[in-house]
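Engineer: Shown below is the structure under consideration.
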Amino acid sequence: MTTLLEVSGVTVSFDGFRAINNLSFRISDAELRAVIGPNGAGKTTFMDIVTGKTRPDAGHILWGDKGLSLIGMSEARIAQAGIGRKFQKPTVFEEQTVQENLMMALRKDRRPLAVLFFKPSRSDFTRVDDLAEQIGLQEALLRVSGELSHGQKQWLEIGMLLAQEPQLLLVDEPAAGMTPAEREKTTAILVEAAKTRAVVVVEHDMEFVRRLNCKVTVLHEGSVLAEGSLDHVTKNQDVIDVYLGR
Ligand SMILES: Nc1ncnc2c1ncn2[C@@H]1O[C@H](COP(=O)(O)OP(=O)(O)OP(=O)(O)O)[C@@H](O)[C@H]1O
């Protein structure tokens with residue numbers, strides 16, 4: 001495995017408060033990683049710096065085999081470079097069908113004229129069918145998205161991000177508000193997606209993290225406190241102290 005994303009020595013301050021403190025972190029290609037940590041540990045800020053929403057005060061963020069620096073790049077350019085982000089709340093086009101949502105999300109020429117005259121080809125329909133199968137919505141292709149359950153909307157949005165063919169997908173608390181059956185299916189979708197790209201999941205729900213069965217990074221006060229399997233990190237005394245608030 002090769003390094004896809006390398007964050008090194010990154011610091012982010014808000015009014016003098018260090019939300020991210022000399023953070024160093026690596027993700028390999030085709031890796032599934034869970035990021036956990038107590039409230040205020042810096043998980044959201046970590047995703048904000050990787051996606052260009054927040055600019056660090058110090059450090060390096062290098063992307064891909066060419067080691068492209070992401071610092072100073074716009075959010076749109078970072079997305080184009082292959083980093084997708086799934087926010088907690090689903091943001092699908094409610095009036096459109098599942099098929100239309102996926103079709104609109106395909107990686108295509110996005111200039112205004114190209115979008116206006118876009119006519120899906122047979123291969124576009126095949127790609128949309130494949131995506132729908134990946135997210136378990138093949139039976140719901142022609143349904144209006146607004147009618148889907150919360151879990152189905154989350155899967156649709158994951159499908160729309162996969163349609164962009166990102167090399168790294170950042171997912172914020174995918175299991176929140178889901179039924180146990182939906183959580184299980186979400187686990188399967190993320191595990192499968194991480195076979196062909198890197199997937200980083202920020203999650204509070206330990207049971208969900210356990211099912212992901214992947215390497216876990218524990219953040220605390222903007223730095224990595226521990227890293228390894230969930231069993232390994234939950235035995236770490238520093239992690240236990242932080243979670244018990246000692
Ligand atoms: N724009 C901001 N201005 C000031 N402080 C901020 C800002 N964004 C984040 N912080 C602070 O930085 C710290 C890290 O916040 P962050 O949201 O990254 O943590 P988190 O691990 O995602 O927490 P949670 O689990 O509660 O979502 C917190 O103390 C937060 O109050």
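The values are calculated or read from the model by the stated rules, or taken from the named source; none is laboratory data. Predicted model only: the values in this text are computed from it and were never measured. Cβ sites come from the backbone with ideal geometry, for glycine too, and all protein chains shown count toward neighbours.
Engineer: Return the residues of the range 38-50 that are more than 21 Å from D241 (Cα to Cα) and either within 10 Å of the ligand (Cβ to nearest atom) or among the acidic types (D, E) (or both); say none if nothing qualifies. Spell out the reasoning first.
Structural biologist: Here is the first cut: in the range 38-50, the residues more than 21 Å from D241 (Cα to Cα) are 44-50.
Selection gives T44, T45, F46, M47, D48, I49.
Engineer: Sticking with this one: Here's a check for you: in the range 23-37, which residue that is in a strand (DSSP E or B) and either of a type in the set (V, I, T) or surrounded by fewer than 20 Cβ atoms within 10 Å (Cβ to Cβ) (or both) is farthest from the ligand (Cβ to nearest atom)?
Structural biologist: Here is the first cut: in the range 23-37, the residues in a strand (DSSP E or B) are 23-28, 32-36.
Still in the running and either of a type in the set (V, I, T) or surrounded by fewer than 20 Cβ atoms within 10 Å (Cβ to Cβ) (or both): 24, 26-28, 35-36.
Working: S24: 17, R26: 19, I27: 18, S28: 23, V35: 9, I36: 9 Å.
Selected residue: S28.
Engineer: Name the residue that is nearest to S13 (Cα to Cα), counting only residues in the range 212-233 that are part of a strand (DSSP E or B) and without any contact (Cβ under 8 Å) to a residue 40 or more places away in the chain.
Structural biologist: Looking at the filtered set, the residue picked out is A226.
Engineer: Where residues in the range 1-14 are surrounded by 15 or more Cβ atoms within 10 Å (Cβ to Cβ) and of a type in the set (A, V, I, L, M), which of them is nearest to the ligand (Cβ to nearest atom)?
Structural biologist: Residues of the range 1-14 that are surrounded by 15 or more Cβ atoms within 10 Å (Cβ to Cβ), as a first pass: 3-7, 10-12.
This time we only want the ones that are of a type in the set (A, V, I, L, M), so: 4-5, 7, 10, 12.
Numbers: L4: 22, L5: 17, V7: 14, V10: 13, V12: 8 Å.
If we take residues in the range 1-14 being surrounded by 15 or more Cβ atoms within 10 Å (Cβ to Cβ) and of a type in the set (A, V, I, L, M), then V12 is nearest to the ligand (Cβ to nearest atom).
Engineer: Inspect all residues belonging to the range 169-186 and state whether any of them is more than 16 Å from A34 (Cβ to Cβ), free of Cβ contacts under 8 Å to residues at least 24 places away in the same chain and among the acidic types (D, E).
Structural biologist: No, the range 169-186 has no match at all.
Engineer: On to the next question. Yes or no: the range 134-141 includes at least one residue that is crowded, with 21+ Cβ neighbours inside 10 Å, β-branched (V, I, T) and within 16 Å of the ligand (Cβ to nearest atom).
Structural biologist: Checking the range 134-141: not a single residue is crowded, with 21+ Cβ neighbours inside 10 Å, β-branched (V, I, T) and within 16 Å of the ligand (Cβ to nearest atom).
Engineer: Quick one: in the range 142-166, which of the residues that are in contact with a strand residue (DSSP E or B) (Cβ under 7 Å, 6 or more places away or on another chain) and buried (at least 18 other Cβ atoms within 10 Å of the Cβ) is farthest from A193 (Cα to Cα)?
Structural biologist: S145
Engineer: Also, I was wondering about something else. Look through K66, K89, K53, K108 and report the one residue that is within 16 Å of the ligand (Cβ to nearest atom) and modelled with pLDDT under 95.
Structural biologist: Selected residue: K89, the only one of K66, K89, K53, K108 that is within 16 Å of the ligand (Cβ to nearest atom) and modelled with pLDDT under 95.
Engineer: Would you confirm, using the coordinates I've provided, whether I61 is assigned to a strand (DSSP E or B) and touching a residue at least 24 places away in the same chain (Cβ under 8 Å)?
Structural biologist: Spelling it out, I61 is indeed assigned to a strand (DSSP E or B) and touching a residue at least 24 places away in the same chain (Cβ under 8 Å).
Engineer: Please enumerate the residues belonging to the range 190-246 that are closer than 28 Å to Q154 by Cα, within 16 Å of the ligand (Cβ to nearest atom), among the hydrophobic types (A, V, I, L, M, F, W, C) and surrounded by fewer than 20 Cβ atoms within 10 Å (Cβ to Cβ).
Structural biologist: Scanning the range 190-246 gives a single hit, M206.
Engineer: Separate question: Looking at (1) within 10 Å of the ligand (Cβ to nearest atom); (2) touching a strand residue (DSSP E or B) at 6+ places or on another chain (Cβ under 7 Å); (3) within 28 Å of D238 (Cα to Cα), which one does F17 not meet, given that it meets all the others?
Structural biologist: Answer for F17: the failing condition is (2).
Engineer: Scan I49, I36, I20 and give me the residue that is out of contact with any Lys or Arg (no Cβ under 6 Å at 6 or more places or on another chain) and farther than 28 Å from K195 by Cβ.
Structural biologist: Unique residue meeting the criteria: I20.
Engineer: Scan the range 193-211 and give yes if some residue there is outside any helix (DSSP H, G or I), more than 13 Å from the chain's Cα centre (by Cα) and of a type in the set (A, V, I, L, M, F, W, C), otherwise no.
Structural biologist: No, the range 193-211 has no match at all.
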